[in-house]
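So the structure is just underneath, and the comments pick up after that.
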There are 4 protein chains.
Amino acid sequence: MTDMPAIATDLPAPDILRCAYMELVVTDLAASREFYVDILGLVVTREDDDAIYLRSFEEFIHHNLVLRKGPEAAVAAFGFRVRSPEDVDRAEAYYRALGCEVRRAEEGFVRGIRHAVRVQDPLGFPYEFFYEVDHVQRLAWNYELYGPGALVRLDHFNQVYPDVVTGAEYLEHLGFKRTEDIQDENGVVYAGWFARKHTVHDTALTGGDGPRMHHVAFSTHEKHNILYICDKLGALRRSDSIERGPGRHGVSNAFYLYLRDPDGHRVEIYTQDYYTGDPDNPLVTWDVHDNQRRDWWGNPVVPSWYTEASTVLDLDGNPVPLITREEPREMDVTIGADGFSYTRKGDTDRGFKLGNQV
Amino acid sequence: MTDMPAIATDLPAPDILRCAYMELVVTDLAASREFYVDILGLVVTREDDDAIYLRSFEEFIHHNLVLRKGPEAAVAAFGFRVRSPEDVDRAEAYYRALGCEVRRAEEGFVRGIRHAVRVQDPLGFPYEFFYEVDHVQRLAWNYELYGPGALVRLDHFNQVYPDVVTGAEYLEHLGFKRTEDIQDENGVVYAGWFARKHTVHDTALTGGDGPRMHHVAFSTHEKHNILYICDKLGALRRSDSIERGPGRHGVSNAFYLYLRDPDGHRVEIYTQDYYTGDPDNPLVTWDVHDNQRRDWWGNPVVPSWYTEASTVLDLDGNPVPLITREEPREMDVTIGADGFSYTRKGDTDRGFKLGNQV
Amino acid sequence: MTDMPAIATDLPAPDILRCAYMELVVTDLAASREFYVDILGLVVTREDDDAIYLRSFEEFIHHNLVLRKGPEAAVAAFGFRVRSPEDVDRAEAYYRALGCEVRRAEEGFVRGIRHAVRVQDPLGFPYEFFYEVDHVQRLAWNYELYGPGALVRLDHFNQVYPDVVTGAEYLEHLGFKRTEDIQDENGVVYAGWFARKHTVHDTALTGGDGPRMHHVAFSTHEKHNILYICDKLGALRRSDSIERGPGRHGVSNAFYLYLRDPDGHRVEIYTQDYYTGDPDNPLVTWDVHDNQRRDWWGNPVVPSWYTEASTVLDLDGNPVPLITREEPREMDVTIGADGFSYTRKGDTDRGFKLGNQV
Amino acid sequence: MTDMPAIATDLPAPDILRCAYMELVVTDLAASREFYVDILGLVVTREDDDAIYLRSFEEFIHHNLVLRKGPEAAVAAFGFRVRSPEDVDRAEAYYRALGCEVRRAEEGFVRGIRHAVRVQDPLGFPYEFFYEVDHVQRLAWNYELYGPGALVRLDHFNQVYPDVVTGAEYLEHLGFKRTEDIQDENGVVYAGWFARKHTVHDTALTGGDGPRMHHVAFSTHEKHNILYICDKLGALRRSDSIERGPGRHGVSNAFYLYLRDPDGHRVEIYTQDYYTGDPDNPLVTWDVHDNQRRDWWGNPVVPSWYTEASTVLDLDGNPVPLITREEPREMDVTIGADGFSYTRKGDTDRGFKLGNQV
């Protein structure tokens, strides 16, 4: 990629608070509303014929998710909130210095947000930075509105990109702290997790053909909330929306579930990772052959989870072309004929659980 | 099987209270002790060089599980408690009338139990009936001894037998109530669940080559207790003991987990089925093609769960020869090239979740 | 009470399956509907201008609770289901032999039930016995309808009566098994718990002026369901409906919460007692001075819980006059100037938690 | 207090990461060990004849709690971790500029920490600031060591001080963000909550005679973990260690339990407050008369919770004299003859739950 923008500059990075919202393009707004509102119970802040603005129960900013009607399913923006209006300016200058496409919208790109900047970042992803946002009621105490699977916070994004080392370098320059990663014995990096707020991540990089959006994750308070979402999907005869899990992650130590929305966008439901706010928070590096790295219980990662992801759009709304991963792929080195995984390092008797293979 | 004993008699059946204990033959007593005591936290009532007697936290009879050292892994007895000493006599007469092999042990076949009768039942399984048993402390209130995954009750047995219709007829004559079953559109019965106490089952029949023991199940209070057992197995680098789950059953509506002990004996951890004590408790019949019947979330049943089970012993301690199932097998009609399953009946677009297949 | 009917007869007792429903007279049907349906989430089987029929999520009979509009709050019936139509006849004969007022309604006393018998029992309580009942859908699998505090079963009744010894004798003749009781060092019995199904009780006797109805109890699956009910009542600014708890009972080992409905009828929410189905299930006797008997955590029992209860009606709908308890009262011997309670028997330094007294 | 140091200076405040540890002086090290290690399950990092160093399961720094043997129960230090060694220098300069007593220990005041500064702050509390600390194994994944009530993080301190307005001003200058407070209609401030990390607080001020230490709080993952701690204390016949709760806070929306250790030091167990990391996080102000402010379920706050607290020591180890609160006291305005509380503002029929009063 000779034309790739720089990934670092000496200019100060904007002070990013946290991942704040994702704008998803969906092909059937009613079907998406049924999924995110009727089934998952996200709270509608605003809706019109073109878009639905949703938030989680503990959120006080206007939205954590925008569903916008469009011809092809895609991701239009990964929205990050920054500490101040000046940090929006810093973001604008930072990405211009990198040579990226940058747009500014004083009235905001979406409702409820003003004075925002969108960029196509050096990896090709559409990032938005904003500070000014409408405050709405934090419904944390409104238990009369909670369902059994209530989503209380937006937790993180996950991005697919072929070169995790370069992507990590870019994010670390931007001020993210790496908390965990997956590597092999040759130093190949398969994935990395990167935080601004005090959790394991605000975003992650998953090695693969990209740029694509792997998933967006919402938190529940407890594990039983996640189990209930599965029970409800079963009751609605939509269990085929469950792609993977529920289970315990090795990475992040969180309890998880992966769903696919009506357009195939992947949504994770997530709870109980750990505090990472200290500057010397210990980095955890997992061996790609450790069969408990992605599921602590050794349950298999389904192939679709490795291979499928959502298109991302550039600032003109066009799909960003994919770059092929050239390094080994995690699925190839862990599943099937050429793969090798272990439950106990050095124990070659049993790899991952063969009973799970048809 | 021309020599098969009768499955019914006009004599009164013993009044069975509940499944009460299983006697497992294990090849390495120390390894089994580590699994059942150190990992699963069952309470040791008694142990010597040859056997360990274990109970659950809410039990007040001597044991729910006997681990006996032996040369080959097997099941020596499915123990049922009956209402009175007279019911032990009734059991003896009942099985003699059926033409079964019957043994009586006034001093008991195992420690803690007296005046017991063992039979090789018409299906070939070693059943024990007893009333007299040592009472031990019910540790229900001894929270200082509970671990995070505490097993509080023995819930049920599950037996593999080729002819579920005949097996069900036998159990129903013996006084069991059928609560649920799995059938296909041709009336083939793949499995059935049978209760004496007020839960979904004290034992179940799973269609397959048998007689074999499919699993023995213990209850926890809540679902998080089961999740913890998985977390602990991961921490001990024994996640390959997890064969299937955790998940929500369709049948029984319970939350479940299947483990394999060091000998391969299958143990289920189970919680929250429903009350079945009324005589007209509605029978629930599941379609074998319903992909949510065994896992409400549509997660795949691993092949080993269908095909592997424990040898059962006759009253002389010899393995009981297997009878081959002649009817269609559940695995064959639901997984893979010849299988067909649905999430939504009549919706032929998607069967079970293909993402799960390698 | 010279005219008190006999409490025992040689006639066979009806085979009672379980407590099945309570008929409450309420003064404001809309207010009661808001409490039981909108807040607690019970399922409406049927409703008209005079009555609402409610059931829990795992129930398959027509109702577990009838709310009937009337001029004064009261209890019209404690409904028990029996094993067969013949057991209804047995109930009729049994109570006639005791000298009780007995009524039979072939069309049923309430909708959904037929061929029922109501009696004013020797203690003065209106008991109903029935077998024939409309089956309705068991909603156990209908998770799309569950709220976070879903009530899944009717668990038990609790009755206030002055002479617990006599009351217990009556119930034991009727076939109930005593599972737990509270006594003092002089053998005074303060309360007893009595079971037919395999739980700690289908009904209980609480010593006090009676006959009155102390509470009716519904089960949830897990403890967090009960905590949620409190959270929701707080969100609705109805926390003053919470009378006592949540907490862990000593007696029964269950997790509990006591609410008061708009008429003051007490409702318990309850989960996780233990199996009691064996005939030799060990009786647990608690010392009335043991401060953990009613709350395992030693939290105080509020006075209203001891003193307030609902009027019960005779078969003509008239309030049954109260008989005064002549033996010591539990509240008097455990709270305040004359009371003495201990956390550790023999440790006289600290009684119940004084910090709790204003 | 004419000699009170200044509460603000123009010098830069140290960048405080989080509350990190408390040093408690205890009178019986073995009794304290039993409480914190055997009962609560904190992890021993190090112990000798004089002191025990404990940490929570997700911690990676040397300790969250130091128990030091001494003649009188007291608090020797509230330890805060800062972002860098330079921030320790900033703390030293900052407090010197305020006119406070300041000590520096290059070898640390306790084991595992170096280059630390201790001050007696303007309110009289012994604060410590440090960056350099031994890293120890983060046991987050070591589920084999977890008990059912595992404490996973130190969450916050709570300090008693007479003048909350002045105390808040001091903390806000020091860089803390106020997240919630309790006021009355006259603007009297009864308590305030102050955060550095992204939770509701790292420390709080409770109005009362002070300076004293009100409590130190540890987090669990879920609510059932807290309930288990109560169950275990009951099983150990130590339920009188439970002072208040469990319950749901209004303030913070967290689930809570208050215990008293063998010396009377108050320990809170706490879970599930909300994210507060944005600079414009909405301040929540509670009415002191709102009976759900401290317990969302309206359960009473016991008087001892308001009146008792731990002595704090100056840098020479002497008890800091108390200053009397001159403004109204929360207990006086909410409980008893002169108090008035409401469940529903404007509803004067019912105040707090009278059933709770003896």
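The values are calculated or read from the model by the stated rules, or taken from the named source; none is laboratory data. Bear in mind the structure is a predicted one, so any value in this text is a computation, not a measurement. Backbone-built Cβ (ideal geometry, glycine too); neighbour counts: all protein chains shown. Please note that ligands, DNA and RNA were not included when accessible areas were found on the heavy atoms of the full protein model with its side chains. Shrake-Rupley method; radii C 1.70, N 1.55, O 1.52, S 1.80 Å.
Structure data summary
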item: Inter-centroid distance (Cα atoms) of segment C:191-255 relative to segment C:1-71, Å; result: 16
item: Accessible area of B:T324 in the full protein assembly, 1.4 Å probe (Å², nearest 10); result: 90
item: Lys/Arg +1, Asp/Glu -1 at C-beta; segment A:111-163 dipole; positive extreme among A:F157, A:Y146, A:G124; result: A:Y146
item: Accessible area in square angstrom per residue, the protein assembly as shown, 1.4 angstrom probe; result: 32
item: Solvent-accessible area of D:H62 with every protein chain in place, 1.4 Å probe, in Å² to the nearest 10; result: 10
item: Teacher prompt: D:D50 distances to equivalent labels in other copies, 7 Å Cα→Cβ, nm; result: 5.9, 7.1, 8.3
item: Restricting segment A:94-138 to GluC sites (Glu not before Pro) in coil, as DSSP defines it, with at most 13 other Cβ within 10 Å; result: A:E106, A:E107
item: Exam field: C:D209 pseudo-label spacings to other copies (7 Å along Cα-Cβ), nanometres; result: 4.4, 7.5, 8.2
item: Delta accessible area of at least 40 Å² on complex formation, residues of segment A:114-151, 1.4 Å probe, chain isolated as reference; result: A:R138, A:W141, A:Y143, A:E144, A:P148
item: Candidates A:Y228, A:Y270, A:Y94, ranked by Gaussian network fluctuation over chain A, Cα under 10 Å, top entry; result: A:Y228
item: Hits among aspartates and glutamates - C-alpha to C-alpha of B:K345 under 14 Å, sequence gap 8 or more where chains match; result: A:D240, B:D184, B:E185, B:D287, B:D290
item: Chain A - percent relative contact order, Cα under 8 Å, separation 6 or more; result: 17
item: Rounded if a/c under 1.5, otherwise prolate or oblate - segment C:135-233, Cα gyration tensor axes; result: prolate
item: Calculated FRET value between A:D347 and A:L283, using beta carbons and R₀ = 25 Å, to 0.05; result: 0.45
item: Cα-centred dipole magnitude for chain D, charges only on beta-carbon of K, R (+1) and D, E (-1), debye, nearest 20; result: 880
item: Summed buried accessible surface, chains A and D, 1.4 Å probe, nearest 100 Å²; result: 3300
item: Sum of side-chain charges, C:S310 neighbourhood, beta-carbon under 9 Å (Lys, Arg +1; Asp, Glu -1); result: 0
item: Beta bridge orientation in the protein assembly as shown: antiparallel %, DSSP, nearest 5; result: 75
item: Fraction of beta bridges assigned by DSSP in segment D:110-235 that are antiparallel (%, nearest 5); result: 90
item: Cross-link partners of D:K177 among aspartates and glutamates (Cα-Cα below 16 Å; sequence separation of 8 or more within a chain); result: D:D15, D:D155, D:E169, D:D202, D:D273, D:D278, D:D280
item: Fraction of accessible area attributable to carbon and sulfur, segment D:71-126 (%, probe 1.4 Å); result: 44
item: Beta bridges by DSSP in segment C:1-150, antiparallel share as percent, to the nearest 5; result: 75
item: Axis-nearest residue of C (beta carbon) for the C-onto-A rotation, whole Å; result: C:P148, 2
item: Inter-label distance, nm, simple model (7 Å from Cα along the C-beta direction), A:N186/D:E326; result: 7.6
item: Selected from B:L145, B:L236, B:L257 as most flexible by GNM, with chain B as the system and alpha-carbon contacts under 10 Å; result: B:L236
item: Gap separating the Cα centres of segment A:101-171 and segment A:280-322, nearest whole Å; result: 19
item: Neighbour net charge for C:E144 - beta-carbon separation under 11 angstrom, K R +1, D E -1; result: +1
item: Three-way shape label, the protein assembly as shown, alpha-carbon gyration tensor, a/c 1.5; result: oblate
item: Residue with peak Gaussian network fluctuation, chain B [Cα springs, cutoff 10 Å], from B:S304, B:S341, B:S219; result: B:S304
item: Length-normalised contact order of segment A:42-98 in % [C-alpha pairs under 8 Å, at least 6 apart]; result: 20
item: In Å², nearest 10: area of C:M331 left accessible to a 1.4 Å probe; result: 50
item: Within chain A, helix-based [θ] at 222 nm, where runs of 4 or more DSSP H residues each add -39,500 (n - 2.57), nearest 500; result: -4000 deg cm²/dmol
item: Under 20 Å from the Cα of D:K223 - lysines, other chains or at least 8 residues apart; result: A:K223, B:K223, B:K232, C:K223, C:K232, D:K232
item: Heavy-atom accessible area ranking, 1.4 Å probe, most first, across A:D290, D:D263; result: D:D263, A:D290
